[in-house]
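Asker: The following block contains the structure, expressed as structure tokens.
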Amino acid sequence: MAFLSLGVGKGACGVRRTGPAVRTARPRFVVATAAAKDDVMQLLTSEDKVDRLKGVNMARELDPAEGLNLLSMAAMDPDMNVRYATVSQLSVAGLADPEKTLELLRDLVPKETDMSVKAAAADAMCAIGLPEAFDDVEAIYHETKDSLVKFSIAAGLGELGNVKAFDLLKAILEDEASDDLLKVAALGSLGELKAPGTAELIEPFLEAEDASVKARAEDTMSMLKSGE
């Protein structure tokens, strides 16, 4: 997925807190021969979390399908930093097998206690592009009180591409409890989604007091008019 990068402590999924929201393009698969599957497996099964983190990073160099299999194991690591590094990669690695990745994330999210990891998981659910993932991310949005998780979902719904997301994005914009950063994320996703009724929905935000909300509304309206 292209995603909103927040400028502080970014992992591969880019969902750490604070800073101006900027859309960036996700990298695609780069298959290299620098890492061997057995070497990565050995690192991922090490008792040293530094080794396991190194293994997660080396998994990028494997064939996408092989890398995904190993990341599926690392996603259940007892250390949250290893889990975060792993789940952050699934937004790209998961494209090798979106159905398998969605099942993995469905299993992971209810058990996950760290909100950064959960936000990365929600981001990956959107990034793999399966329309059926919308019901999952919508449920996560309503169940959580964490602003990072909510932001990750609002920012990812446009890339998910399911027009059912329009109602949730509309609700985010109309909710007085939504902060300006969340509104910026929702407006960006609406620009990607291009669902019927979007122009009418965002028109009031062209006069928003917050400069970032106003600018994003203007960008979204321009996208709609240009057909980008």
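Asker: Please specify each residue of the stretch 190-206 satisfying the condition of being in a helix (DSSP H, G or I) and of a type in the set (A, V, I, L, M, F, W, C).
Answerer: Answer for the stretch 190-206, where residues must be in a helix (DSSP H, G or I) and of a type in the set (A, V, I, L, M, F, W, C): L190, L193, A199, L201, I202, F205, L206.
Asker: Can you tell me which residue in the stretch 144-157 is farthest from D114 (Cα to Cα), limited to those that are surrounded by fewer than 24 Cβ atoms within 10 Å (Cβ to Cβ) and either among the aliphatic types (A, V, I, L, M) or without any contact (Cβ under 8 Å) to a residue 24 or more places away in the chain (or both)?
Answerer: Across the stretch 144-157, the extreme among qualifying residues is K145.
Asker: Okay, moving on. I need every pair where a residue in the stretch 172-200 that is assigned by TED's automatic domain parsing to the domain that holds V213 has its Cβ under 7 Å from the Cβ of a residue that is of a type in the set (D, E), sequence separation at least 6 or different chains.
Answerer: So the pair list comes out as D180/D210; G191/D219; E192/E159.
Asker: If you scan the stretch 180-228, which residues turn out to be closer than 23 Å to Y141 by Cα and loosely packed, with under 12 Cβ neighbours inside 10 Å?
Answerer: Those that are closer than 23 Å to Y141 by Cα and loosely packed, with under 12 Cβ neighbours inside 10 Å: P196, G197.
So that you can scan it fast, the table gives a plain yes or no per residue for (1) surrounded by 15 or more Cβ atoms within 10 Å (Cβ to Cβ); (2) in a helix (DSSP H, G or I):
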position: T113; (1), (2): no, no
position: V117; (1), (2): yes, yes
position: A121; (1), (2): yes, yes
position: V137; (1), (2): yes, yes
position: H142; (1), (2): no, yes
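Asker: If you don't mind, there's one more thing I want to ask. Checking the condition hydrophobic (A, V, I, L, M, F, W, C), modelled with pLDDT under 95 and surrounded by 15 or more Cβ atoms within 10 Å (Cβ to Cβ), which residue from A36, A12 passes?
Answerer: Going through A36, A12 in turn, the sole match is A12.
Asker: So which residues in the stretch 69-83 are over 14 Å from D38 (Cα atoms), crowded, with 17+ Cβ neighbours inside 10 Å and among the aliphatic types (A, V, I, L, M), if there are any at all?
Answerer: Within the stretch 69-83, A74, A75, V82 meet the criteria.
Asker: Return the residues of the stretch 77-112 that are of a type outside the set (A, V, I, L, M, F, W, C) and under 15 Å from the mean Cα position of the chain (by Cα); say none if nothing qualifies. Don't jump to the end; show me each part of the working.
Answerer: Kept after step one, since they are of a type outside the set (A, V, I, L, M, F, W, C), are these residues of the stretch 77-112: 77-79, 81, 83-84, 86, 88-89, 91, 94, 97-101, 103, 106-107, 110-112.
Within the stretch 77-112, R83, Y84, T86, S88, Q89, S91, G94, P98, T101, R106 qualify.
The values are calculated or read from the model by the stated rules, or taken from the named source; none is laboratory data. Everything numeric here is computed off the predicted structure, so don't read it as measured data. As a convention, Cβ positions derive from the backbone with ideal geometry for all residues, glycine included, and neighbour counts pool all protein chains shown.
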